[in-house]
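Notes for the one structure printed next.
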Amino acid sequence: MFPTLETPRLLLRELGHADADALLSIHGDAETMRWFGADPIATREQALQLVEMFAGWRRQPNPGTRWGLVRKSDRRLIGSAGLFKWNRSWRNAALGYELARDCQGQGLMSEALRAVLGYGFGEMRLHRVQAEIHPDNAASRRLAERLGFRQEGLLRDSGYWGGRYHDLVCYGLLAGEWSPALKDKQ
């Protein structure tokens, strides 16, 4: 069963085929996707492939979960967030997320990630969550730091999108460092 989560402003739920148009809008926006680690998509078929890829994470040997972020006020899918590359024996996973451009800067991703991390450290019994963020993605780096992540190093030429390699800054958060009561300092 898919683990649905809820925050004051968001419902975090499973993505489905009905979300393809909203995903196309988000993942097709080159500005929104410039730090995501993949090229923007251009077709509804590619959006449906994203839905299938995220659903497939729950069936893999090193599974993960990707939640669709639905704003309660208007029931609009505004992004997604998830834990993937789950290594059960090492008790760690990677964190990934994206948010529609017109929803950024409102604290929505921080709210969503507190729920996702709470699930990861609680239900999944993770010891460590890692985030790999482009050095120029200042907003995402600030978000990770507000959530308690610590910068650990630079992964040289670790990502490839837009026809070139990109360095990524590695951030880590350990279970003992996690506090779901953290508030944004905006």
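Coordinate-derived values only; no laboratory data. Bear in mind the structure is a predicted one, so any value in this text is a computation, not a measurement. Reconstructed Cβ throughout: ideal geometry from the backbone, glycine too, with neighbour counts over all protein chains shown.
Quote the FRET efficiency, to the nearest 0.05, computed for Leu154 versus Arg75 with a Förster distance R0 of 35 Å and r equal to the Cβ-Cβ distance. Before the final figure, lay out the partial values.
Details: r = 40 Å, r/R0 = 1.15.
After rounding to 0.05, the efficiency reads 0.30.
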Practice problem: May I ask you to list the chymotrypsin sites (Phe, Trp or Tyr not before Pro) in the stretch 84-186 that are in a DSSP loop and have at most 16 other Cβ atoms within 10 Å of their Cβ? | Solution: Trp90
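Could I get the Rg over Rh figure for the stretch 37-77? Both from C-alpha atoms, Rh via Kirkwood, rounded to two places.
Numbers: Rg = 12.6 Å, Rh = 12.0 Å.
Expressed as Rg/Rh, it is 1.05.
When the convex hull of the C-alpha atoms of the stretch 75-142 is computed, what volume per residue in Å³ does it have?
Numbers: hull volume 6.6 nm³, N = 68.
Dividing the Cα hull volume of the stretch 75-142 by its residues yields 97 Å³.
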Practice problem: Do me a favour and compute the ellipsoid semi-axes for the stretch 61-186 from its Cα gyration tensor, root of five times each eigenvalue, largest one first, whole Å. | Solution: 21, 19, 15
Practice problem: About the Cα centre of the stretch 1-141, how large is the charge dipole given +1 on each Lys and Arg Cβ and -1 on each Asp and Glu Cβ? Please answer in debye to the nearest 20. | Solution: 620
Self-check item: Fraction in percent of alpha-carbon pairs per bin - 10 Å, the stretch 5-107
Solution: 15, 47, 32, 6, 0
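Which helices count as membrane-span-like in the chain under these terms: full DSSP H, at least 15 Å along the axis by C-alpha, Kyte-Doolittle mean of 0.0 or more? Write out the running numbers ahead of the final one.
Working: long enough: 44-56 (18 Å, 0.09); 108-122 (21 Å, 0.84).
Once both thresholds are applied, what remains is 44-56, 108-122.
Could you list the trypsin sites (Lys or Arg not before Pro) in the stretch 1-101 that lie in coil according to DSSP, counting only those with at most 11 other Cβ atoms within 10 Å of their Cβ? The partial results should precede the final answer.
Working: sites: Arg9, Arg13, Arg34, Arg44, Arg58, Arg59, Arg66, Arg71, Lys72, Arg75, Arg76, Lys85, Arg88, Arg91, Arg101; in loops: Arg9, Arg34, Lys72, Arg75, Arg88, Arg91.
Those that pass, being in a loop and sparsely packed, are Arg75.
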Exercise. Could you list the trypsin sites (Lys or Arg not before Pro) in the stretch 117-186 that lie in coil according to DSSP, counting only those with at most 15 other Cβ atoms within 10 Å of their Cβ?
Key: Arg125, Lys183, Lys185
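How fast does the stretch 118-164 diffuse by Stokes-Einstein, in µm²/s, taking the Kirkwood radius from C-alpha pairs at 10 °C and 1.306 mPa s? Each step should come with its number before you reach the end.
On the way: Rh = 12.6 Å.
Estimated diffusion coefficient is 126 µm²/s.
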Quiz prompt | Cα lying deepest toward the dipole's positive end in the stretch 23-151, options Leu24, Val116, Gln106, charges on Cβ | solution = Val116
